Amino acid sequence: MDFVEQLVELITALSAPDGLSRLFLMLFPFFLLFELPLNVLVMLGVLRWFARQRSKVPYNSLYRPRVSCIITCYSEGMDVQKTLLSLCEQTYPGSIEIVPVVDGAAVNHETLEAVRRFKVDPQLYPRRYLRPIAKWQRGGRVSSLNAGLALCSGEIIMVHDGDTSFDNNMVSAMVRHFEDPNVPAVAGSLRVRNVWASLSTAIQALEYLLSIHMAKIGLSEWNLVNNVSGAFGAFRRSFIERAGGWDTHTAEDLDITLRIKSYFGRYRKLRIPFEPEAIGHTDAPVTFRQFLMQRLRWDGDLLFLYVRKHPASITPRLMGWGNFIMTLISGFFFQLVLPFIILGYSLFALLVLPWQTLALLGALVYLLYLLITLLLYLCMLGLISERPRQDLRLAVLVPIFPLFMFIMRCWSAVAMLNELFRRGHEETSMAPWWVIKKATRF
């Protein structure tokens with residue numbers, strides 16, 4: 001039987017009296033059943049975190065190591081001064097070495113001049129030391145991080161983007177975790193700084209709160225944090241040097257996180273906490289096209305790292321069973337497989353179903369995702385948010401958030417196809433082509 005005859009038979013079967021029940025069994029998006037356990041795990045973690053916060057005894061730590069903040073700068077211009085000022089104004093009583101690394105300084109005149117003009121008043125900002133580095137030839141973000149690591153002197157290394165500013169308790173909140181010698185890295189939280197610049201930035205602000213901030217709080221309770229953001233993370237210097245620093249390819253944040261996790265199976269007490277009180281504020285892409293191009297790189301990098309670069313490292317012997325299973329579920333299935341399932345399911349339904357049935361099914365799926373989004377949003381607002389009035393304004397975006405996530409899932413499939421057939425990670429703007437070309441190919 002050819003495809004056309006099979007298609008006619010399927011449509012006839014769906015038109016039968018029991019067609020609706022058969023439609024439910026045949027075309028219900030069963031991938032929702034896979035997402036439910038992960039959402040439950042996150043929610044349980046959030047409730048556990050909230051209970052601990054309510055019963056936590058105040059503790060004034062005397063642990064005050066020297067902190068080095070490496071700021072990767074390329075084309076931020078005068079905005080980099082916001083980052084430098086926010087680091088000077090930290091309430092942390094210990095020493096902070098501020099290391100802006102200007103990449104491609106020979107042509108990056110505006111950013112270089114902004115760093116040169118910034119002065120640290122020792123009377124106003126004691127124990128704050130500015131150590132700028134001008135890297136005249138462009139080498140990319142990883143090159144800047146490794147240059148900063150080689151020339152800074154802190155025991156705790158923080159990495160920041162040049163367009164990210166911070167709440168003034170950020171360093172104190174991050175550093176206290178390193179008092180535990182089993183903590184090699186700490187993940188910080190990011191908020192969108194230009195929230196209302198456009199509809200695109202506003203919806204990203206909600207995404208950051210629900211899909212990043214809230215999810216990491218929940219996963220951190222089970223020591224399952226999936227990534228230490230490249231825009232804002234902290235590392236123990238001795239551990240990052242043991243791991244060999246940052247590697248040349250793109251998505252250096254997930255790359256270094258996976259390399260750190262490869263020690264978890266041998267050293268069972270290691271953990272990567274997430275600190276929700278350490279808040280960074282970053283600029284999100286303003287136009288939807290810029291946003292799509294950013295995610296084309298981000299999502300394509302996932303395929304490169306999980307499948308091409310680190311498949312031998314993703315084993316229970318190296319990562320421990322907890323992180324191994326979570327990497328398979330959240331890394332491989334949700335980020336690599338699920339986008340193709342959703343895209344294939346949607347195309348199949350679009351081609352096969354009558355428009356009335358398609359509309360009914362689409363409405364049911366939308367309402368289900370809307371209910372999940374609403375529950376997550378209310379939980380975030382009531383249990384987590386340190387800025388509830390500000391976050392309450394995002395409520396108007398909750399109805400369109402499921403549609404946004406559907407588009408992003410489909411776009412993830414496009415990004416992975418771009419990586420699979422065109423090696424999209426080699427087209428990144430995070431490093432010049434000659435650096436990527438000389439890197440080891442996977």
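Worth pointing out:
- When the P(r) is computed for the range 55-104, the part past 13 Å accounts for 64% of the Cα-Cα pairs.
- Using distinct alpha-carbon pairs, which all enter the 1/r mean, Kirkwood radius of the range 153-222 in Å: 14.1
- FRET efficiency, 1/(1 + (r/R0)^6) with R0 41 Å, evaluated for Arg317 and Met78 via beta carbons: 0.25
- Here the dipole of the range 299-423 is about 220 debye; that uses its Cα centre as origin and unit charges on the Cβ of Lys and Arg (positive) and Asp and Glu (negative).
- When the chain is treated as a Gaussian network with alpha carbon springs shorter than 10 Å, the biggest mean-square fluctuation among Asn169, Asn60, Asn418 belongs to Asn60.
- Assigned charges on the beta-carbon of Lys, Arg, Asp, Glu; the chain dipole about Cα centre (debye): 1340
- Temperature 20 °C, viscosity 1.002 mPa s: under these conditions the Stokes-Einstein estimate for the chain, based on its Kirkwood radius over C-alpha pairs, is 91 µm² per second.
- Expected 222 nm ellipticity per residue - DSSP helices of 4 or more, -39500 (n - 2.57), all of the chain, to 500: -14500 deg cm²/dmol
- For the chain, with +1 on Lys and Arg beta carbons and -1 on Asp and Glu, the positive-most of Phe288, Tyr267, Met416 along the dipole: Tyr267
- Normalised by the number of residues in the chain, the average gap of Cα pairs under 8 Å and 6 or more apart makes the relative contact order 17 percent.
- Note: relative contact order over the range 274-387, using C-alpha pairs below 8 Å and six or more positions apart, is 14 percent.
- Extension gain for the segment Leu199 to Ser55, taken as residue separation times 0.36 nm less the Cα-Cα distance, is 47.9 nm to one decimal.
No value in this document is a laboratory result; all are computed from the given coordinates. From a predicted model like this one, the values you see are computed outputs, not experimental measurements. When we count neighbours, we look across all protein chains shown, and the Cβ atoms used for this are built from the backbone with ideal geometry, even at glycine.
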